[in-house]
Amino acid sequence: MKILVPIKRVNDYNVKVRPNQSNTDVDLTNVKMAVNPFCEIALEEAIRIKEAGNAEEVVAVSVGSEKNQEQLRTALALGADRAILIKTEVEVQPLDVAKILVKIFEKENPKLVLMGKQGIDGDHNQTGQMLGAMLSIPQATFASKVEINADSVNVTREIDGGLETLSVELPAIVTTDLRLNEPRYASLPNIMKAKRKPIDEINLEELGLSIEQKVKTVKVESPSEREEGIKVDSVDALLDKLRNEAKVIE
Amino acid sequence: MRTLVIVEHDNENISSSTLCAVSAAQKLGQDVDLLVASSANHIAEKAQQIMGISKVLNFVGDNFKNEIAEDLTACILAVSKDYNFFVASSSTTGKNLMPRISALLDIQQISEVIEIVSNNTFKKPIYAGACIATVESQQEKNIITVRTTAFEKAVPEGGSGQIENIDIPEVESRKSVFVGNELTVSDRPELTSADIVISGGRGMQDGNNFALLDSVANKLNAAVGASRAAVDSGFAPNDYQVGQTGKSVAPNLYIAVGISGAIQHLAGMKDSKTIVAINKDEEAPIFKVADYGLVGDLFEVLPELESKI
Ligand SMILES: Cc1cc2nc3c(=O)[nH]c(=O)nc-3n(C[C@H](O)[C@H](O)[C@H](O)COP(=O)(O)OP(=O)(O)OC[C@H]3O[C@@H](n4cnc5c(N)ncnc54)[C@H](O)[C@@H]3O)c2cc1C
Ligand SMILES: Nc1ncnc2c1ncn2[C@@H]1O[C@H](COP(=O)(O)O)[C@@H](O)[C@H]1O
């Protein structure tokens, strides 16, 4: 079986992103970029499934500018067999990405799409579910365990009340949560080998789609900062403050 | 036009996040209807009592015992033409479901709304809450999920909504099947709606030590939460995780114990009214957002705290 892994290019999670000076967008100049952590987890899972002999090929795909080559090279170094870059200079939103991924799905016919539950940039948490709906295939989101069977996949999901297990028929969309696995690091030889692996480039126009941007960002601000409070020197002092100043306990 | 709110429940009770979604929906200034899909009528009977709502669209069937996104999607689509606004909370149920509907109605959803500025303008946190974006929708129909901590709960009683029973739409062959679940049972208040939350981090060292938090929580009638590091290390179940990619909480009092205060953790709790940090490292970033910081060893502080409350 073939596994498709959509990879989003986002800020490194250690970087605190700020608004730009005119408050029209975030300022990403000089911000270190990376593979979205949830996509790393998705890729790791795909590679493990392949290593266990349950998949033949892992294909990474990213939608964005030429710069996304970087993240696709990382994916190749980690173990993806090949990569596809759908090129566009316009900002894409989840609905657009899902429509684009439909086209790639139709071309590639994967049995499984493994993707992140959310991008740590926009925190949308939408693309996987949208893709599932557009393709009329089932979804299992927020996965913390994935077991591949012949025609289905059993997925344990992290939900607000605890855990839930679903069995979904293949082909299916699975989106990853943090506990699914711990992604590996790329070894130097694999980084070298990745340079020779193919990245197919497709211009968005070739897919016959146009980007709609149905939602526009009109302002980006810093949240109101909390004022730094005080240090207390004992449990008694803390309880006194909580009882008599903040009045939050009795 | 009308607004449709998706009701979440556990087959017994309506979740408090739904009440927050209702009050967010009311800010849109249109009639608010509720959609209930459940295995018995009593959820709709509870839903009709929520103050200020008009109608309850009631779908009853055995397959609604578990909230399978594909099944719920079919229900919402069956009634979608009467609505131009669809609202759910950004719980795991809302997150799982709403994008499916958005895709089929060709709508770009807006997730985690914290403020409704007008019927086409919304505020939402991005980049782990490091920025707040104001977004404007150019669409005639909109789908939003709302962060429950940003909206008050609608009053659950006193309303008089009409129940409208609706036939279950045909769902194509079952491709998604519920196998089982392991739900966390606790006598304590629910994490996202508790008045007081006490959370433990990697500093707790061990799952057994969470008992120290439990005994303080019992005295304060607090919920217990955790950082990602504590959950990853197996100290606490996944549903305890507070943060950017876990739950958002905004209690009256949040006590962070052995938590450093990474931006991803702050994203889920920095709107709490009063924040207490207990950490042995006086440089820990958590102190920057804490109203009261206590520098000390949690293994000494927690037992003392428990004995003095
Ligand atoms: C994609 C992604 C998503 C994430 N989502 C979340 C999320 O939703 N929620 C979340 O919390 N994190 C999240 N994180 C992780 C986050 O970046 C931090 O790694 C995590 O919050 C750290 O947890 P911690 O503070 O418990 O551990 P640490 O950072 O290791 O801090 C432990 C603290 O305990 C203190 N300590 C140790 N021993 C004692 C003692 N005896 N007494 C008192 N204090 C003590 C130390 O001084 C230290 O400050 C995410 C990360 C990524 C990459
Ligand atoms: N531009 C993109 N290119 C490839 N995959 C994407 C892109 N945007 C989102 N995705 C996928 O969708 C997941 C969820 O992203 P989001 O819906 O933006 O939170 C990510 O983890 C990726 O797997």
Inset, instruction - Consider B:A290 carefully, then state whether it is within 16 Å of ligand 2 (Cβ to nearest atom) and among the small types (G, A, S). - result: no
Legend entry - B:L72 within 12 Å of chain A (Cβ to nearest Cβ), farther than 30 Å from B:I263 by Cβ, open to solvent by 20 Å² or more (accessible area, probe 1.4 Å) and hydrophobic (A, V, I, L, M, F, W, C): no
Inset, instruction - Identify the single condition in (1) more than 10 Å from chain A (Cβ to nearest Cβ); (2) crowded, with 17+ Cβ neighbours inside 10 Å; (3) more than 10 Å from ligand 1 (Cβ to nearest atom) that B:Y292 does not satisfy, given that it satisfies every other one. - result: (1)
Inset, instruction - For A:K32, state whether it is loosely packed, with under 15 Cβ neighbours inside 10 Å, within 22 Å of A:E221 (Cβ to Cβ) and more than 14 Å from ligand 2 (Cβ to nearest atom). - result: no
Legend entry - Selection status of B:A236, surrounded by fewer than 24 Cβ atoms within 10 Å (Cβ to Cβ) and within 16 Å of ligand 2 (Cβ to nearest atom): no
Inset, instruction - Return a yes/no flag: does segment B:190-199 have any residue that is open to solvent by 60 Å² or more (accessible area, probe 1.4 Å) and touching a Pro at 6+ places or on another chain (Cβ under 8 Å). - result: yes
Inset, instruction - For segment A:71-93, name all the residues that are open to solvent by less than 10 Å² (accessible area, probe 1.4 Å) and away from ligand 1 (no atom under 16 Å from the Cβ). - result: A:L72, A:A75, A:L76, A:A77, A:A80, A:A83, A:I84, A:L85, A:I86
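Could you tell me whether any residue of segment B:206-228 is assigned to a loop (DSSP other than H, G, I, E, B), within 14 Å of chain A (Cβ to nearest Cβ) and within 16 Å of ligand 1 (Cβ to nearest atom)?
The answer is yes, given that some residue of segment B:206-228 is assigned to a loop (DSSP other than H, G, I, E, B), within 14 Å of chain A (Cβ to nearest Cβ) and within 16 Å of ligand 1 (Cβ to nearest atom).
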Inset, instruction - Using the structure shown, decide if A:F38 is within 14 Å of chain B (Cβ to nearest Cβ), among the aromatic types (F, W, Y) and within 16 Å of ligand 1 (Cβ to nearest atom). - result: yes
Inset, instruction - Inspect segment A:174-187 for any residue being open to solvent by 10 Å² or more (accessible area, probe 1.4 Å), away from chain B (no Cβ under 11 Å) and either over 24 Å from A:R82 (Cβ atoms) or more than 18 Å from the chain's Cα centre (by Cα) (or both) and give the result as yes or no. - result: yes
Legend entry - Tabulated pairs, segment B:203-216, first within 11 Å of B:E306 (Cα to Cα), second within 11 Å of ligand 1 (Cβ to nearest atom), C-beta under 6 angstrom, 6+ apart or interchain: B:L212/B:L302; B:L213/B:G200
Inset, instruction - Could you tell me which of the residues B:G268, B:G258 is open to solvent by less than 10 Å² (accessible area, probe 1.4 Å), near ligand 1 (Cβ under 9 Å from one of its atoms) and outside the structural domain of B:S16 (by TED's automatic domain parsing)? - result: B:G268
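The values are calculated or read from the model by the stated rules, or taken from the named source; none is laboratory data. Bear in mind the structure is a predicted one, so any value in this text is a computation, not a measurement. When we count neighbours, we look across all protein chains shown, and the Cβ atoms used for this are built from the backbone with ideal geometry, even at glycine. All accessible areas refer to the heavy atoms of the entire protein, side chains included, with ligands and DNA or RNA removed. Shrake-Rupley method; radii C 1.70, N 1.55, O 1.52, S 1.80 Å.
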